[in-house]
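Have a look at the structure below before the remarks.
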Amino acid sequence: MEYDVVIGLEVHVQLRTKSKMFCSCANQYGAEPNTTICPVCTGYPGVMPVPNYEAIRKTIMAGMMCECEISELSKFDRKSYFYPDMPKNYQISQYDLPFCKLGKIRISGKGFSGEALPDKDIGITRIHLEEDVAKSTHYASFSGIDYNRAGVPLMEIVSEPDMTSADEAYAYLTSLKLIMQYGAISDCDMEKGQMRCDVNISLKPKGRKEFGTKIELKNLNSFRSVHRGINHEISRQAELLDQGVALQQETRGWNDDRGATYLMRIKESAHDYRYFPEPDLTPICFSKEEIEMLRKELPELPAQMAERFVRDYELTAYDAQVLTSEKEISTYFDAGAKETKSPKLLANWIINEMLRLRDDSEFSIFEQIPFKNLARLASMISDNIISGKIGKIVFEEMYATGKDPETIVKEKVLAQVTDESAIVEFVKKAIADNPSQVTEYKAGKSAVLQYFVGQVMKLSRGKANPQSVIKLLKEQLDA
């Protein structure tokens, strides 16, 4: 039987703040276990939480960047459950009055498998703010709990069930991550647990309106795992449905080594968590004027920046998309483009050379070659001080030494020869050394001219100005 796939994502994003959500403990990754804790975030009786306004502000801005409606009235709720990672046996979260609701994120480009995706809007149901739980680490004979993470500000971004494939889910996560990074909301480093994803997936007979039984996938610690987990679960559920097995709502884990899901528990419903308004925190109100003030602080987002790159720097849509695929790259290019007369040439160097070397580099290539140096290299090429071929030699030296391009050109005597009296001597020698090619040229084979250009460039060690070389060759050969 053929099935329609229905996918929704619940993405948890840790906020980039100095302190935790309801106490003054440092929001710091990598500290010694159980050192950034206090009576509030470890749940001592009688302590009182104090909301972190910066976390609330960033949550609202995240909602604005996802085109959400911002609630003028919100409140926090208690979500009760009993796990070792939750010291109070309840989590301060939000239930029926979240800060943000009814937004959307546009996906486009390519999925994880490289398949082109049409533009599509993925709905956002809600974005609510809560406190993170502690981190559990399981060893062979015991488990450890690190409460440093308990109380860290955590957004939960819940999508509508609008995705229909693993590639769409991958594209959605990619777009969401970029928005959070461009907005300085979070670093979204999945290795540090700053971005975590749960997948809700169900299958229904093709064309049927009613959704099938929803199954949640957890322990997906990379975009690749999300893609693999979804595809596995689609196959697993389809096989069971074909056998007439009735699926039940459940939570399943993902084993990346085996490439398979496994049963964790029967899925809870909202009433199992016994939500009720947090009695220690008053509701939070924002006026329309305060919301609009925050809206004025919104940064330029990737799609807006890509449009500007095409408009202001005359880049192709593809180049603009590559350059805005990471905030570090777009910031580097944007700063460099203001320093050179040839932004298009600068873009080519970043895309074709910088990104090629970055994957194999042991250090940050963006720090090794500052944007001003690469911009000056692009200007030197566009001003015919050096040729593109010499530019590659200079670039490799910049990468190896960190020196600026002018110093390298001066030290290695690489400046382009523009004096035609010097170039003509190379031209005459190339013609004299290749009489059979001269005969071919005079017989009408104009393509042979490029052969002579190559010979002259070889004789000049790449320093001769190419335009002057072509001009002088035609003069000598046509005489």
task: Just one of (1) within 21 Å of M195 (Cβ to Cβ); (2) in a loop (DSSP other than H, G, I, E, B) trips up I124, so point out which.
output: (2)
- line: Per the list (1) surrounded by 18 or more Cβ atoms within 10 Å (Cβ to Cβ); (2) at pLDDT 95 or above; (3) over 29 Å from the mean Cα position of the chain (by Cα), residue check on S24 breaks on (1)
- prompt: Which condition breaks for L241 when tested against (1) touching a Pro at 6+ places or on another chain (Cβ under 9 Å); (2) outside the structural domain of K344 (by TED's automatic domain parsing); (3) within 30 Å of P98 (Cα to Cα)?
  reply: (3)
- request: Kindly check whether there is at least one residue in the range 61-80 that is buried (at least 16 other Cβ atoms within 10 Å of the Cβ), of a type in the set (G, A, S), at pLDDT 95 or above and assigned to a strand (DSSP E or B).
  value: yes
- line: When restricted to S108, S136, S141, the only residue surrounded by fewer than 22 Cβ atoms within 10 Å (Cβ to Cβ), polar (S, T, N, Q) and not in a strand (DSSP E or B) is S141
field: Scan of the range 12-21 for residues that are in contact (Cβ under 8 Å) with a residue 40 or more places away in the chain, surrounded by fewer than 22 Cβ atoms within 10 Å (Cβ to Cβ) and of a type outside the set (S, T, Y), ordered by number
entry: H12, R16
field: Members of the range 28-59 that are of a type in the set (S, T, Y), surrounded by 14 or more Cβ atoms within 10 Å (Cβ to Cβ) and under 25 Å from F99 (Cβ atoms)
entry: Y29, T59
task: Kindly indicate the residue of the range 191-217 that is under 24 Å from the mean Cα position of the chain (by Cα) and basic (K, R) and also nearest to T164 (Cα to Cα) among those meeting that condition.
output: R196
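Here are some residues: K474, K463, K442. Which one is of a type in the set (K, R), at pLDDT below 75 and touching a helix residue (DSSP H, G or I) at 6+ places or on another chain (Cβ under 8 Å)?
The unique qualifying residue is K463.
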query: Looking only at the range 168-194, which residues are of a type in the set (G, A, S), surrounded by 19 or more Cβ atoms within 10 Å (Cβ to Cβ) and over 17 Å from P299 (Cα atoms)?
result: A169, A171
- request: Out of the residues in the range 101-135 that are modelled with pLDDT under 90 and of a type in the set (S, T, N, Q), state the one that is farthest from G30 (Cα to Cα).
  value: S108
message: Tally up the residues in the range 216-256 that are closer than 30 Å to L178 by Cβ, free of Cβ contacts under 8 Å to residues at least 40 places away in the same chain and of a type in the set (A, V, I, L, M, F, W, C), please.
response: 2
query: Got at least one residue in the range 168-179 being of a type outside the set (A, V, I, L, M, F, W, C) and either assigned to a loop (DSSP other than H, G, I, E, B) or touching a Pro at 6+ places or on another chain (Cβ under 6 Å) (or both)?
result: no
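Under the condition of being polar (S, T, N, Q) and modelled with pLDDT of 90 or more, which residue from the range 250-275 is farthest from Q237 (Cα to Cα)?
Here is the first cut: in the range 250-275, the residues polar (S, T, N, Q) are 251, 255, 261, 269.
Of the ones still in play, those that are also modelled with pLDDT of 90 or more are 251, 255, 261.
Working: T251: 13, N255: 17, T261: 11 Å.
My answer is N255.
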- line: Within the range 129-151, residues among the aliphatic types (A, V, I, L, M), over 25 Å from the mean Cα position of the chain (by Cα) and within 19 Å of E54 (Cβ to Cβ) come out as A150
- prompt: Can we say L117 is assigned by TED's automatic domain parsing to the domain that holds A150, among the hydrophobic types (A, V, I, L, M, F, W, C) and surrounded by fewer than 20 Cβ atoms within 10 Å (Cβ to Cβ)?
  reply: yes
- request: Being surrounded by fewer than 18 Cβ atoms within 10 Å (Cβ to Cβ) and touching a residue at least 12 places away in the same chain (Cβ under 8 Å) is the filter here, so list the residues in the range 195-213 that pass it.
  value: K204, P205, K206, G207, R208, F211, T213
field: Lone unmet requirement of (1) surrounded by fewer than 18 Cβ atoms within 10 Å (Cβ to Cβ); (2) touching a residue at least 60 places away in the same chain (Cβ under 8 Å) for I390
entry: (1)
statement: L154: passes all of (1) over 23 Å from V6 (Cβ atoms); (2) touching a Lys or Arg at 6+ places or on another chain (Cβ under 6 Å); (3) of a type in the set (A, V, I, L, M, F, W, C) but (2)
query: Which fully enclosed helices (runs of 4 or more DSSP H) of the range 287-331 have 1 or more residues being touching a Cys at 6+ places or on another chain (Cβ under 9 Å), more than 24 Å from K372 (Cα to Cα) and of a type in the set (K, R)?
result: none
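The values are calculated or read from the model by the stated rules, or taken from the named source; none is laboratory data. Only a predicted model underlies this, so the values are computations on that prediction, with no experimental measurement involved. Quick reminder, even Gly has a Cβ in these numbers, built from the backbone with ideal geometry, and neighbours come from all protein chains shown.
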